[in-house]
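Engineer: Input: one structure, supplied below.
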Amino acid sequence: MRWFVLACITAIGVAHADETCNSPYISQLIKGQEDYVYVWTLGVEGLGDGSDKLVTIDVNPKSKRYGKVISKVSTGTRVEAHHMGFTDDRRYLWAGGLSDNRIWVFDVGRNPAAPKLVRTIDDLGEKSGFLGPHTYYALPGRMLVQALSNTQDKGGRTGMALYNNKGEFIASYSMPTEGGGDGYGYDLAVNPKQNVLLTSSFTGYANYMRPLGELIKDAEAMKKFGNSMVLWNLKTMKPAKVFAVPGAPLEIRWSLNPKDNWAITAAALTSKLWLVKQDAKGQWAAKEVGTVGDPSKIPLPVDISITRDGKGLWVNTFMDGTTRYFDLSNPEAPKQTYEKVTGKQINMISQSWDGKRLYITSSLLANWDKGGADNEQFLRGFAWDGSELTPKFEVDFVKEKLGRAHHMKLGTKAQRATVTGA
């Protein structure tokens, strides 16, 4: 384990990525035009084969297939497909679902245009007692998996599981329940330079698998959401400090500016932006620094994407279908400078490394998505010129009989040349 820890702390030189929310340990960066967007897609009964699948879309404007689906790989099952993550060498994508413990591993290196399912990892529950793998975070030769629930009562107490890149289980780490900890988990993000790991919190299977309308009417169930973030010592993998961050803080984004030492998150239920920052004395603290939309209308901020210079933040809110941009020149006081309705319901947002292209998907959770005409399911591509988002293409996942579009990762033809030596 010691060699792994040292690698984590010293691997600061690769702290950049194409999509600015990836692990800092991922190599094979896309600094120019990406060729593909991989979309991890929830199966819908009666739509196509009804299974979860990895969908590949051509997003290079110079391609004859621009904006078109060019491949799809089905898992043959439906388990609330949610998030995915590259291994550190960028050759494989790990992906899973929130209603199950299986993890699917796709080879995206040998042929980036046509990923292949090569492995299924099915021992997460058995080895760790955790349920619903959510975040897949690359470490040197390893994958750290943050779960949302547990196999015992399907509540919110959960933890992280560490695997090697071959899919072999190494260790598990429970989310703290002492010192202010509530045991809940959601996202994780590493700052190698500061030797810290930051985690956020959401809710368990018993809540996220219920219909949203039913859930919000259950006062007791609504009390069972995370209200904390945890700062971990990366070297020891021990909790160092618990912050009170009410309202289910979700995605965590560290500033990629080497001079910065802070991360930002959005709390879904309170519509607040929170900053976790180290002061001049080296002490870490979390504080509320901004508001997203009108909290009384519960816009539900669901995903955020930070710019590579740490001076801007994109925020997607599910309920009002709005994409907002915040100026983070002063992270202590984010200022909204732009907004645009980009769908009737929207969830994930990804941006290219140069910040000129954005991709937005629609689905949150199968039982939380809207109904009727508001149940749009898509991937939409936009150009950003610094002042306006301009639509460039759209893939209708219902029309294509694919399912519900959720998480995204970017791909490149250059990956194949690197892997094969061609």
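The values are calculated or read from the model by the stated rules, or taken from the named source; none is laboratory data. The shown structure was predicted, so the numbers you read here are calculated from the model rather than taken from an experiment. As a convention, Cβ positions derive from the backbone with ideal geometry for all residues, glycine included, and neighbour counts pool all protein chains shown. The accessibility values were calculated without ligands, DNA or RNA, using every heavy atom of the protein model including side chains. Shrake-Rupley method; radii C 1.70, N 1.55, O 1.52, S 1.80 Å.
Engineer: Please determine whether any residue of the stretch 41-59 is surrounded by fewer than 23 Cβ atoms within 10 Å (Cβ to Cβ), under 27 Å from ARG157 (Cβ atoms) and of a type in the set (A, V, I, L, M).
Structural biologist: No: the stretch 41-59 contains no residue that is surrounded by fewer than 23 Cβ atoms within 10 Å (Cβ to Cβ), under 27 Å from ARG157 (Cβ atoms) and of a type in the set (A, V, I, L, M).
Engineer: Take the residues in the stretch 210-234 that are in contact (Cβ under 8 Å) with a residue 60 or more places away in the chain and surrounded by 15 or more Cβ atoms within 10 Å (Cβ to Cβ); name whichever of them is farthest from TRP274 (Cα to Cα).
Structural biologist: ARG210
Engineer: Which one of these does SER305 not meet: (1) part of a loop (DSSP other than H, G, I, E, B); (2) closer than 22 Å to SER200 by Cα; (3) among the hydroxyl-bearing types (Ser, Thr, Tyr)?
Structural biologist: Condition not satisfied by SER305: (1).
Engineer: Go through THR265, THR270, THR236 for me and flag whichever is hydroxyl-bearing (Ser, Thr, Tyr), modelled with pLDDT of 95 or more, closer than 26 Å to PRO192 by Cβ and touching a helix residue (DSSP H, G or I) at 6+ places or on another chain (Cβ under 9 Å). Reasoning before the result, please.
Structural biologist: Details: THR265 fails: touching a helix residue (DSSP H, G or I) at 6+ places or on another chain (Cβ under 9 Å); THR270 fails: closer than 26 Å to PRO192 by Cβ.
Of THR265, THR270, THR236, the one residue that is hydroxyl-bearing (Ser, Thr, Tyr), modelled with pLDDT of 95 or more, closer than 26 Å to PRO192 by Cβ and touching a helix residue (DSSP H, G or I) at 6+ places or on another chain (Cβ under 9 Å) is THR236.
Engineer: Additional query: Taking the options THR177, THR120, THR151, name whichever one is more than 27 Å from SER255 (Cβ to Cβ), surrounded by fewer than 23 Cβ atoms within 10 Å (Cβ to Cβ) and out of contact with any Gly (no Cβ under 6 Å at 6 or more places or on another chain).
Structural biologist: THR120
Engineer: Next question. Could you list, in sequence order, the residues of the stretch 339-363 that are touching a residue at least 60 places away in the same chain (Cβ under 8 Å), crowded, with 23+ Cβ neighbours inside 10 Å and in contact with a Leu (Cβ under 8 Å, 6 or more places away or on another chain)?
Structural biologist: SER350, GLN351, TYR359, THR361, SER363
Engineer: Cβ-Cβ distance below 8 Å, separation of 6 or more or different chains: which pairs start in the stretch 161-179 with a residue that is free of Cβ contacts under 8 Å to residues at least 60 places away in the same chain and hydroxyl-bearing (Ser, Thr, Tyr) and end on one that is open to solvent by 70 Å² or more (accessible area, probe 1.4 Å) and not in a strand (DSSP E or B)?
Structural biologist: Close Cβ pairs satisfying both conditions: SER172/LYS127; SER174/ARG157; THR177/ARG157.
Engineer: If a residue has to be over 18 Å from LYS72 (Cα atoms) and open to solvent by 30 Å² or more (accessible area, probe 1.4 Å) to count, how many in the stretch 384-415 make the cut?
Structural biologist: 9
Engineer: Given the criteria open to solvent by less than 20 Å² (accessible area, probe 1.4 Å) and closer than 22 Å to ASP123 by Cβ, does TYR163 qualify?
Structural biologist: Here the answer is yes, as TYR163 does meet what is asked.
Engineer: Sticking with this structure for a sec: Within the stretch 60-84, how many residues turn out to be open to solvent by less than 20 Å² (accessible area, probe 1.4 Å) and out of contact with any strand residue (DSSP E or B) (no Cβ under 9 Å at 6 or more places or on another chain)?
Structural biologist: Counting residues in the stretch 60-84 that are open to solvent by less than 20 Å² (accessible area, probe 1.4 Å) and out of contact with any strand residue (DSSP E or B) (no Cβ under 9 Å at 6 or more places or on another chain) gives 0.
Engineer: Ok, one more. Can you find, within the stretch 323-338, the residue that is surrounded by the fewest Cβ atoms within 10 Å (Cβ to Cβ) among those that are within 20 Å of the chain's Cα centre (by Cα) and over 13 Å from THR265 (Cα atoms)?
Structural biologist: ARG324
Engineer: Suppose the filter is open to solvent by 50 Å² or more (accessible area, probe 1.4 Å) and assigned to a loop (DSSP other than H, G, I, E, B); does ARG110 pass it?
Structural biologist: In short, yes.
Engineer: Another question about this same structure. Being of a type in the set (Val, Ile, Thr) and out of contact with any Phe, Trp or Tyr (no Cβ under 7 Å at 6 or more places or on another chain) is the filter here; which residues of the stretch 66-86 pass it?
Structural biologist: Passing the criteria: VAL69, ILE70, THR77, VAL79.
Engineer: If you check ASP88 against the conditions, is it under 17 Å from ASP52 (Cβ atoms) and either of a type in the set (D, E, K, R) or modelled with pLDDT under 95 (or both)?
Structural biologist: Here the answer is no, as ASP88 does not meet what is asked.
Engineer: Say we look at the stretch 308-326 and pick out the residues that are among the basic types (Lys, Arg) and outside any strand (DSSP E or B); which of these is modelled with the highest pLDDT?
Structural biologist: Per the stated criteria, the residue is LYS311.
Engineer: Turning to a different aspect of this structure: Are there helices (runs of 4 or more DSSP H) fully within the stretch 198-298 with at least 2 residues that are touching a Lys or Arg at 6+ places or on another chain (Cβ under 9 Å)? List them.
Structural biologist: On the way: elements: 205-208, 212-215, 219-222.
Correct list: 205-208.
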